[in-house]
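Visitor: Attaching a single structure in structure tokens format; questions to follow.
The numbers here are math on the coordinates, done by the rules we state, and not lab data. Values in this document were obtained by computation on a predicted structure and should not be read as measured data. Note that we place each Cβ from the backbone using ideal geometry, even for glycine, and neighbour counts take in every protein chain shown.
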Amino acid sequence: MAREADRKSALGSVWLREEAAPTRTTLSRGDIVRAAIKVLDRDGLDTFSMRVMANELGTAATSALYWRIAGKDDLLEFVVDEVLAEAVVPVGDGDWRDRVTVVVEAAYHVLWEHPWAAQLLASHAGLGPNYQAITDQVQSILQSAGFKGAYLDSAVSAILHYLFGSAVTDSAWTSVVRRSGLSEFKWASSAGDRLGVDAASLTAYLSRESLAGPKARFSSGLRVILIGLRPRELA
């Protein structure tokens, strides 16, 4: 008899198939997902595998994992959505631009803290409940501000594409530096000459604390987008 977790879906996502039935294995899906996040935060995506997960959890083989989760891609979809849960935050009242900023900056912060998650968003579509909750928050705020119809859809897309595009780009820089084994400053000092950029400027560009760094650039860019949006119908 086939294991429930082995059921395949022609729709290509774990979120688009029936959830596996409970089994007797002592590992819960939550246990596996939390352990996977720990491994990914520590080691990144390059060496991640189900065998690595089995070793992390102390199982003798990967079979215990497969009773709960059919494969690596399913697990990666679960972990991306799990970390996005941290971005589902209350937004309160006030100006719609400020409320959108709370949602989007919370999501950007989570993806900065877990750069592998941003990388995965380029290949694992956001179909999980927490990704959808973030989308719903942005859409609800814009609707309450008077955005309607096709223009509402376009505004939501512009905001979310900026969020996830920025996160993917910034995580790519983080990955390059990480693979080098150097600190940001040492990497910038060594790479600056090859890139035609002085080390101080490159260090500032990479540093989260810098006024020229990714966090500041993201916030400024988000403000530009939000200022450019206003409730109206597409011409």
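Visitor: Using a 7 Å offset from the Cα along the Cα-to-Cβ direction at both ARG217 and SER157, what is the distance between the two label points in nm, to one decimal?
Guide: 2.5 nm
Visitor: If you keep only loop residues by DSSP, which trypsin sites (Lys or Arg not before Pro) in region 135-212 have at most 15 other Cβ atoms within 10 Å of their Cβ?
Guide: Qualifying residues, ordered by number: LYS148, ARG208.
Visitor: Do you know the relative contact order of region 84-228, to the nearest whole percent, from alpha carbon pairs under 8 angstrom that are 6+ apart?
Guide: Worked out over region 84-228, it gives 21 percent.
Visitor: Could you order the peptides 72-79, 170-177 from most to least packed, using the average number of other C-beta atoms within 10 Å per residue?
Guide: Packing proxy ranking, top to bottom: 72-79, 170-177.
Visitor: Now, a different point. Using the Cα centre of the chain as origin and beta-carbon charges of +1 (Lys, Arg) and -1 (Asp, Glu), tell me which of LEU127, LEU57, GLY94 is placed farthest towards the positive end of the dipole.
Guide: After comparing all options, I get LEU57.
Visitor: In debye to the nearest 20, how big a dipole does the chain give about its Cα centre with +1 on each Lys and Arg Cβ and -1 on each Asp and Glu Cβ?
Guide: Roughly 240 debye for the chain.
Visitor: About the Cα centre of region 52-127, what is the dipole size in debye to 20, counting +1 per Lys and Arg Cβ and -1 per Asp and Glu Cβ, all else neutral?
Guide: 220 debye
Visitor: Could you tally the net charge around ALA122, taking each other residue with its Cβ under 14 Å from the Cβ of ALA122, Lys/Arg +1 and Asp/Glu -1?
Guide: Net charge in that neighbourhood comes out at -3.
Visitor: If you don't mind, another one. For the chain, what does the helix formula give at 222 nm: sum of -39500 (n - 2.57) over DSSP H segments with n ≥ 4, over the residue count, nearest 500 deg cm²/dmol?
Guide: The helix-only estimate for the chain comes to -20500 deg cm²/dmol at 222 nm.
Visitor: Right, another one. Any chance you could count the Lys pairs in the chain whose alpha carbons are under 25 Å apart, treating pairs 8 or more apart or on different chains as valid?
Guide: 4
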